[in-house]
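The values are calculated or read from the model by the stated rules, or taken from the named source; none is laboratory data. Remember, predicted model here, so these are calculated numbers, not experimental data. All Cβ positions, even for glycine, are placed from backbone atoms using ideal geometry, and neighbour counts span all protein chains on display. The protein model used for the area step is the full one, side chains on, heavy atoms only, and it has no ligands, DNA or RNA in it. Shrake-Rupley method; radii C 1.70, N 1.55, O 1.52, S 1.80 Å.
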Amino acid sequence: MNNGQEKKVVIELQDVRRDFKVGDEVVHALRGVSFKIYEGEFVTIMGTSGSGKSTLLNQLGCLDTPTKGEYYLDGVAVRTMSKSQRAKLRNRKIGFVFQNYNLLAKTTAVDNVALPLMYNSKYNARERREAAIEALKAVGLGDRLEHKSNQMSGGQMQRVAIARALVNDPAVILADEATGNLDTRTSFEMLVLFQKLHKEGRTIIFVTHNPDIAKYSSRNIMLRDGKIREDVVNTNIQSAADALAALPVNQDD
Amino acid sequence: MTAIANNAFRSFLSMLGIIIGVAAVIIMMAIGQGSKQSIRAEISKMGTNIINIRPGARQRGGVRLDPSAMQTLKVEDYEAIVNNKKYVTYVSPEVTASGQCIFGANNTSTTMYGESLEYLDIKQWELKDGDCFTDDDIRKGAKVCVIGQTIVEELFSNTNPVGKNIRFKSIPFKVIGVLKEKGENSWGMDQDNVIVAPYTTVMKRLNAQTYFSSITCSAITEEMTDNAIDELTAVLRENHKIREGADDDFSINSQAEMMDTMSSTMDTITVILVVAAAFSLLVAGIGIMNIMLVSVTERTKEIGLRMSVGARGIDISNQFLIESIMISLTGGILGILLGWLLTLAANAIGLPASIPAWSILVSFAVCTVIGVGFGYFPAKKAASLDPIEAIRYE
Ligand SMILES: Nc1ncnc2c1ncn2[C@@H]1O[C@H](COP(=O)(O)OP(=O)(O)O)[C@@H](O)[C@H]1O
Ligand SMILES: [Mg+2]
């Protein structure tokens, strides 16, 4: 995405710092991070353990606020917001995908996907259901609407989680090690899905420690010790679908 | 709500306290109400607006002296009451004697009540056979009597006693009337084991005494009871030449007063029982709080998820508050049903019990308050969780 200037800025970090007080010591988890992410980018954020990935993701997800610096999400300054204002912002502008899916137990796919809309009074029960069904179709689960979370495979559960992240038509999808619990084949299936969403114009930020995944994204940010070490645009995006096809069949299903 | 269903058994266990507590409150109130009603009914069956005058001062809390040892109620008092009555309709002095009553080979022990003609009107007793004695009988001290159904059964089997002579304490009395059967009163006293005779006869021929053991009157209406008591007090104080400020040497009790005393005693007992039952509701509320705290801990991850997808603190606390209200209200409804079944059971074994309508409303209100009150702290705790920590919780 070299023509970023013409694109809309979805996320802007200005020298974001996050300090944690642990006893008498102060841990600097983020030591001044600045970047812009434009609409339609698929960004991977990588780094070793302890490099500040989770802390950064919590900032981006409006779950936490910077000690210093500014964060604008879709043009809105997040640092000065109250807790419930941030809750509303998450509800309208962010879709989360977690490593361990985090579906509601014994709950159908549709109800799981509709959950974010429960906290948006603009939707009534029928509209919630319709939106949930549409999102499930988009992730290829149109035939599993009423399956309960405990009747599904890991891949299916992660698809439900992705559908849940899509249902509110967010400004950005934040994925935290979204393939971390899946086998190789299913991981590639997820990447195929993320690439499909990327093609459809979604903005995606994918946190991972797996360097291979960077090949399939449009941009890669490397963190070390709470700072950006590298921020490169990937001009040679690989097709996850091709990689999936190249996998030996029945390898680890 | 799905959480309640998913944990049906546990929710039921935490409801159990509420169910039992509410049922206990309901049955206590029902028994209180029922007993009050039946005691009132019983007291009003004892006669119309009865006022009782006894010799000797009324003593509060202290030991009451034996009334028979006090001889302050005399014939002159009776006459003064009759001559001055305004708020009083009927008056009957009372002298009693207990002893053996014999007819032929049969005998029974009973009490003879020496009364005036008006006694039957005061007590609302009716004759089944024969007549009551007359003014003339009273003037002469005639040895005539009216007997109750128990005496008829004990002495006469199935024959008609009217016109027969019985002996009471060796003195012959002619039976001139038979009272209708009245049965036992609520404290198990046989009201048919009585002989009523002219008070003059019992005073002179049986007891050889010049004073009454009591005087029974009836007020014109229940509302006039107080006026009647004032009137009687004034007459007796004047008759006994009691100076102003000095204590009465007699005591007056009314049926209305007795009813009030009984009612308020029943109310006190009911309140004590209900408060005891209500304490079990407090314990039940703590049980609900406990289960809600466990639920919050167990569902920390779910709370974290809900918060990350946009639930505000208030959304989370409402979710848990509604849950605890649901548990306590469901428990309340089941408790009301159980209380109702217990009331039916109480009625079936002859205990008077009737559920006052307001106690159901109170139960609902109390359960809602318990739900909110004891759900508040767990709900607050859930709402104050940090979503970052919560979603990582295992
Ligand atoms: N809540 C916290 N309290 C104290 N220190 C924290 C907290 N969260 C993260 N840290 C510290 O910040 C640094 C970055 O952590 P993190 O963002 O979790 O890294 P990563 O996700 O890349 O492994 C680590 O040194 C970690 O110990
Ligand atoms: Mg991490």
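Being β-branched (V, I, T) and closer than 22 Å to B:C145 by Cα, is that true of even one residue in region B:231-243?
no
For A:Y71, all conditions in the list (1) within 14 Å of chain B (Cβ to nearest Cβ); (2) under 19 Å from the mean Cα position of the chain (by Cα) hold save one; what is the number of the exception?
With (1) within 14 Å of chain B (Cβ to nearest Cβ); (2) under 19 Å from the mean Cα position of the chain (by Cα) applied to A:Y71, the lone miss is (1).
State the number of residues belonging to region A:117-134 that are more than 10 Å from every other protein chain (Cβ to nearest Cβ), touching a helix residue (DSSP H, G or I) at 6+ places or on another chain (Cβ under 6 Å) and assigned to a loop (DSSP other than H, G, I, E, B).
Residues meeting the conditions: 1.
Only one of B:S295, B:S308 is touching a Leu at 6+ places or on another chain (Cβ under 7 Å) and in contact (Cβ under 8 Å) with a residue 12 or more places away in the chain. Can you tell me which? Explain how you work it out, then say what you get.
Working: B:S295 fails: touching a Leu at 6+ places or on another chain (Cβ under 7 Å).
Being touching a Leu at 6+ places or on another chain (Cβ under 7 Å) and in contact (Cβ under 8 Å) with a residue 12 or more places away in the chain holds for just one of B:S295, B:S308, which is B:S308.
Could you give every pair whose Cβ atoms fall below 6 Å, whose first residue belongs to region B:277-291 and is in the same structural domain as B:G331 (by TED's automatic domain parsing), and whose second residue is aromatic (F, W, Y), counting only separations of at least 6 or pairs across chains?
Sorted first by the residue in region B:277-291, then by its partner, the pairs are B:G285/B:F374; B:I288/B:F374; B:M289/B:F374.
Need the failing condition index for A:N150 against (1) within 12 Å of chain B (Cβ to nearest Cβ); (2) crowded, with 24+ Cβ neighbours inside 10 Å; (3) more than 16 Å from ligand 1 (Cβ to nearest atom), just the number.
All conditions pass for A:N150, except number (2).
Hey, can you tell me all the residues within region A:10-26 that are surrounded by 15 or more Cβ atoms within 10 Å (Cβ to Cβ) and more than 16 Å from ligand 1 (Cβ to nearest atom)?
Listed by number, the residues that qualify are A:V10, A:I11, A:E12, A:Q14.
List every residue pair whose Cβ atoms lie under 7 Å apart, where the two residues are 6 or more positions apart in sequence or sit on different chains, the first residue falls within region B:1-30 and is away from chain A (no Cβ under 14 Å) and assigned to a helix (DSSP H, G or I), and the second residue, located anywhere, is modelled with pLDDT under 80 and open to solvent by 20 Å² or more (accessible area, probe 1.4 Å).
Every condition considered, the pairs that remain are B:S11/B:I4.
Looking at (1) within 16 Å of ligand 2 (Cβ to nearest atom); (2) within 14 Å of chain B (Cβ to nearest Cβ), can you tell me which one A:A165 breaks?
A:A165 satisfies all of (1) within 16 Å of ligand 2 (Cβ to nearest atom); (2) within 14 Å of chain B (Cβ to nearest Cβ) except (1).
Name the single residue, out of those in region B:312-336 being open to solvent by 40 Å² or more (accessible area, probe 1.4 Å) and touching a residue at least 60 places away in the same chain (Cβ under 8 Å), that is farthest from the other protein chains (Cβ to nearest Cβ).
If we take residues in region B:312-336 being open to solvent by 40 Å² or more (accessible area, probe 1.4 Å) and touching a residue at least 60 places away in the same chain (Cβ under 8 Å), then B:L334 is farthest from the other protein chains (Cβ to nearest Cβ).
Scanning region A:27-65 for residues that are away from ligand 2 (no atom under 16 Å from the Cβ) and within 14 Å of chain B (Cβ to nearest Cβ), which turns out surrounded by the fewest Cβ atoms within 10 Å (Cβ to Cβ)?
A:T65
Just give me the residues in region B:94-116 being at pLDDT 90 or above, of a type in the set (A, V, I, L, M, F, W, C) and open to solvent by 50 Å² or more (accessible area, probe 1.4 Å), in sequence order.
B:I102, B:F103
Per-residue answers, yes or no, for (1) in contact with a helix residue (DSSP H, G or I) (Cβ under 8 Å, 6 or more places away or on another chain); (2) on the phi < 0 side of the Ramachandran plot:
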{"residue": "A:E6", "(1), (2)": "no, yes"}
{"residue": "A:D15", "(1), (2)": "no, no"}
{"residue": "A:G23", "(1), (2)": "no, no"}
{"residue": "A:V27", "(1), (2)": "no, yes"}
{"residue": "A:I45", "(1), (2)": "yes, yes"}
{"residue": "A:K53", "(1), (2)": "no, yes"}
{"residue": "A:S82", "(1), (2)": "no, yes"}
{"residue": "A:A87", "(1), (2)": "yes, yes"}
{"residue": "A:L104", "(1), (2)": "yes, yes"}
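With the requirement that a residue be in contact with a strand residue (DSSP E or B) (Cβ under 6 Å, 6 or more places away or on another chain) and modelled with pLDDT of 90 or more, what does region A:167-184 give you?
Within region A:167-184, the first condition is being in contact with a strand residue (DSSP E or B) (Cβ under 6 Å, 6 or more places away or on another chain), and the residues that meet it are A:170-176, A:178.
Passing the criteria: A:P170, A:A171, A:V172, A:I173, A:L174, A:A175, A:D176.
Residue check: is A:K88 open to solvent by 20 Å² or more (accessible area, probe 1.4 Å), within 16 Å of ligand 1 (Cβ to nearest atom) and over 28 Å from A:V192 (Cβ atoms)?
Details: open to solvent by 20 Å² or more (accessible area, probe 1.4 Å): yes; within 16 Å of ligand 1 (Cβ to nearest atom): no; over 28 Å from A:V192 (Cβ atoms): yes.
So A:K88 fails the test.
Report, by residue number, each residue of region B:215-241 that is crowded, with 20+ Cβ neighbours inside 10 Å and not β-branched (V, I, T).
Passing the criteria: B:C217, B:S218, B:A219, B:A228, B:E231, B:L232, B:L236.
Somewhere in region A:201-208, is a residue over 21 Å from A:K93 (Cα atoms) and of a type outside the set (F, W, Y)? Don't jump to the end; show me each part of the working.
Keep residues of region A:201-208 that are over 21 Å from A:K93 (Cα atoms), which gives A:208.
Pick out the ones that are also of a type outside the set (F, W, Y) and you get A:208.
Checked region A:201-208: at least one residue is over 21 Å from A:K93 (Cα atoms) and of a type outside the set (F, W, Y).
Under 7 Å between Cβ atoms, at least 6 apart or on separate chains: pull out the pairs that start in region A:205-223 with a residue that is on the phi < 0 side of the Ramachandran plot and end on any residue that is acidic (D, E) and surrounded by 21 or more Cβ atoms within 10 Å (Cβ to Cβ).
Listed by first residue and then by second, the contacts come to A:V207/A:D176; A:S218/A:E41; A:R219/A:E41.
Please enumerate the residues belonging to region A:84-116 that are in contact with a Lys or Arg (Cβ under 8 Å, 6 or more places away or on another chain), closer than 20 Å to A:E127 by Cβ and either modelled with pLDDT of 95 or more or more than 8 Å from chain B (Cβ to nearest Cβ) (or both).
Passing the criteria: A:K88, A:G95, A:T108, A:A109, A:V110, A:N112, A:V113, A:A114, A:L115, A:P116.
Looking at the structure I just gave you, is A:L57 near ligand 1 (Cβ under 9 Å from one of its atoms) and under 25 Å from A:I237 (Cα atoms)?
Considered against the rule, which asks whether it is near ligand 1 (Cβ under 9 Å from one of its atoms) and under 25 Å from A:I237 (Cα atoms), A:L57 comes out as yes.
Is it true that B:M266 is in contact with a Pro (Cβ under 7 Å, 6 or more places away or on another chain) and open to solvent by less than 40 Å² (accessible area, probe 1.4 Å)?
no
How many of the residues making up region A:153-162 are more than 14 Å from every other protein chain (Cβ to nearest Cβ), closer than 25 Å to A:L63 by Cα and either assigned to a loop (DSSP other than H, G, I, E, B) or in contact with a Gly (Cβ under 9 Å, 6 or more places away or on another chain) (or both)?
1
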